[in-house]
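Step one of this worksheet: look at the structure below.
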Amino acid sequence: MRIRASYAKTVQWLTQLRLLVLRHEELTAIVFWAALIGIAGALASVAFREGIHVFEWMITGSAGGLVEAAMELHGVRRAIVPIVGALAAGLVIQYGAVWVASQRSVDYMEAVAVGDGVIGARPTLIRSLSSLFTIASGGSIGREGPMVQLSALIGSKVAILGKAPSPRRRLLVACGAAAGIASAYNAPIAGALFVAEIVMGSIAMESFGPLLVSAVSADATIHRLLGYGPVFEMPPVHFGENWELILYALFGVLLGHLAPPFLATLAWSKRRFAGLPGPLYLKFALGGLIVGLISIAFPQVWGNGYSVVDAILHQRLFGWVLLAVLLAKVASTASTVGSGAVGGVFTPTLFIGAAVGALTGSTLRLALPHMTSGSSAFAVVGMGGFLAATTHAPLTAVLMIFEMTLDHQVVLPLILACVTAHYVAKVYRGGASIYRESLMPSGDGGSTWQLRTVADLIRPAAAVAKESTSVQDMLRNLPGRPVRAVYVVNAEGELIASIDPRKAFADINEGLLDPHAPVGAVSAPIQTTLTADMSLTSALELFLRENETVLPVIAGSWRTTLLGEIARHDLMLAVQDRMTEARPL
């Protein structure tokens with residue numbers, strides 16, 4: 001008897017230790033996978049970035065930067081390089097479709113907002129290779145799009161390998177997207193908030209916490225461990241006197257009026273290219289031809305324009321030359337995007353905002369000689385304001401520019417410009433943002449992705465014991481993680497009761513429970529169960545009323561066969577998805 005009591009005490013101590021270490025098993029698992037996805041997403045982003053440098057060197061003979069490479073080329077060769085790269089990109093898309101015929105290309109936004117969190121590897125790799133050709137040859141498009149898509153693909157594959165339910169898959173894909181944005185812009189908080197605000201439509205901590213973990217892990221990997229520097233070298237800027245805040249608010253009004261025409265130009269270009277006869281690769285080549293011809297006079301239009309934005313911020317590009325470069329960049333971006341090239345428009349948006357801001361600041365300095373804010377200050381604010389106006393995500397825009405500058409002086413003028421630009425731009429195009437198409441269902445199946453019941457959330461029960469099993473055997477067969485209840489079933493698999501293993505340990509230790517007693521005789525009746533056909537809202541009400549983190553699921557009111565269990569965290573994510581569907585876009 002003394003040996004038996006000693007054994008029970010040892011088992012109890014080990015169980016309490018496991019409970020202490022793994023008390024929040026659900027959260028621990030999510031945080032772990034989010035961090036892993038962030039690290040892997042950062043490495044994928046680095047691989048894509050270095051791939052651009054390799055192809056840039058192969059095509060242009062230089063790897064020091066696309067604008068610099070364009071300036072080293074002369075005449076016809078400067079025009080030919082974008083054509084060759086665009087033609088190669090089009091051929092990859094055209095003939096790569098045969099390889100991926102069985103898989104539909106799914107954008108990460110669609111996978112999170114209106115999908116099931118599944119992203120095909122083949123379509124993503126094909127589109128990334130096509131984007132690599134486009135960007136490396138001077139296409140006027142951002143590299144952040146493929147970087148985010150590759151990171152999201154990693155999140156999707158991790159979720160599939162882990163057999164995560166649909167809401168958890170969408171969350172892990174979103175973690176990958178946040179990691180990609182953090183890797184591209186050195187702005188982890190803004191990256192997490194962008195995905196939460198734009199894609200998921202909610203900043204509830206159930207989802208925002210893992211996004212932050214993934215974004216910070218990616219940022220630490222790419223900028224701390226691997227030593228990559230910031231995207232833009234932000235100069236020290238002075239934001240002037242208090243009365244000048246009015247000017248920044250008015251500047252936001254200007255940006256709010258300019259963003260919708262820019263988006264309309266992109267949409268018009270897409271329609272024009274789509275209406276042209278001929279194969280897709282020739283349309284790509286036509287877009288490259290337009291960029292190449294423009295670059296003969298303005299080599300600054302090549303690529304995403306990071307170096308040009310740096311020149312604008314440091315006032316090395318100004319006046320009529322800057323205005324001409326701005327118009328050329330808009331035309332080049334519209335041609336590249338319209339031709340169907342794969343890439344992001346996030347960075348071109350920052351380019352345009354910086355250029356408009358610098359021009360506005362210079363003009364105001366001429367009209368108001370006593371104004372102390374310089375063109376660099378308006379360029380910095382312009383980047384955030386134009387981003388807010390095109391994405392309708394003012395909070396993301398404010399945080400991104402603040403993370404880039406790390407200057408608290410930027411906050412007030414930036415908030416005024418971003419919020420004003422956002423509300424002005426909402427008046428146009430029915431309030432649609434640049435990401436409206438990505439956030440809409442693709443048409444094949446419409447809204448069939450939605451979780452109407454809790455059936456898709458069911459996972460295997462953590463611990464199940466037959467009613468004839470002894471308490472000692474039940475405790476010995478517990479999984480290597482803490483469980484709050486062991487479900488007791490009869491010979492037909494019907495749920496009849498449950499038992500708390502922690503209480504059972506304590507009762508055995510105190511001599512109140514015979515370890516050889518069958519669990520069916522000492523278990524307690526189940527108070528609350530879910531059914532497979534129960535709606536999400538009804539299940540959520542039960543969770544909130546009972547304050548439970550996990551509940552068992554039975555087949556139906558008259559069929560008590562145990563199907564598994566559902567975690568409150570997965571249910572919250574599913575409800576959040578339904579709220580995202582209901583919100584106006």
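The values are calculated or read from the model by the stated rules, or taken from the named source; none is laboratory data. Here the structure is a predicted model, which means the values were calculated and not measured. Using ideal geometry, Cβ is built from the backbone for each residue, glycine included, and neighbour counts are taken over all protein chains shown.
Structure above, values below:
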| quantity | calculated |
| --- | --- |
| Selection status of Ile401, within 22 Å of Phe318 (Cα to Cα), among the β-branched types (Val, Ile, Thr) and free of Cβ contacts under 8 Å to residues at least 40 places away in the same chain | yes |
| Long-range neighbours under 9 Å by Cβ, at least six apart or interchain, first residue under 12 Å from Ala152 (Cα atoms) within segment 162-184, second acidic (Asp, Glu) and modelled with pLDDT under 85 | Arg169/Asp116; Arg170/Asp116; Arg170/Asp577; Leu171/Glu206; Gly180/Glu144; Ile181/Glu144 |
| Unique match (being outside any helix (DSSP H, G or I), of a type outside the set (A, V, I, L, M) and surrounded by 17 or more Cβ atoms within 10 Å (Cβ to Cβ)) among Ser498, Ser468 | Ser498 |
| Search result, residues across segment 501-542 that are exposed (fewer than 13 other Cβ atoms within 10 Å of the Cβ), acidic (Asp, Glu) and farther than 29 Å from Asp456 by Cβ | Glu510 |
| Residues that are outside any helix (DSSP H, G or I) and without any contact (Cβ under 8 Å) to a residue 24 or more places away in the chain, drawn from segment 511-547 | Leu512, Gln527, Thr528, Asn547 |
| Some residue of segment 295-313 being in contact with a helix residue (DSSP H, G or I) (Cβ under 8 Å, 6 or more places away or on another chain), surrounded by fewer than 24 Cβ atoms within 10 Å (Cβ to Cβ) and on the phi > 0 side of the Ramachandran plot | no |
| Conditions (1) farther than 28 Å from Leu132 by Cα; (2) buried (at least 23 other Cβ atoms within 10 Å of the Cβ); number of the one not met by Pro369 | (2) |
| Options Tyr108, Tyr95; residue that is surrounded by 14 or more Cβ atoms within 10 Å (Cβ to Cβ), modelled with pLDDT under 85, aromatic (Phe, Trp, Tyr) and not assigned by TED's automatic domain parsing to the domain that holds Thr336 | Tyr108 |
| The one condition in (1) outside any loop (DSSP other than H, G, I, E, B); (2) surrounded by 19 or more Cβ atoms within 10 Å (Cβ to Cβ); (3) within 32 Å of the chain's Cα centre (by Cα); (4) not aromatic (Phe, Trp, Tyr) that Lys270 fails to fulfil | (2) |
| Segment 197-209 - residue that is buried (at least 23 other Cβ atoms within 10 Å of the Cβ) and under 11 Å from the mean Cα position of the chain (by Cα) and, of those, modelled with the highest pLDDT | Val199 |
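Conditions tested, residue by residue: (1) over 30 Å from Gly374 (Cβ atoms); (2) out of contact with any Ser or Thr (no Cβ under 7 Å at 6 or more places or on another chain); (3) in the same structural domain as Gly385 (by TED's automatic domain parsing).
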residue	(1), (2), (3)
Lys270	yes, yes, yes
Ala285	yes, yes, no
Asn304	no, no, yes
Pro348	no, no, yes
Gly353	no, yes, yes
Gly357	no, yes, yes
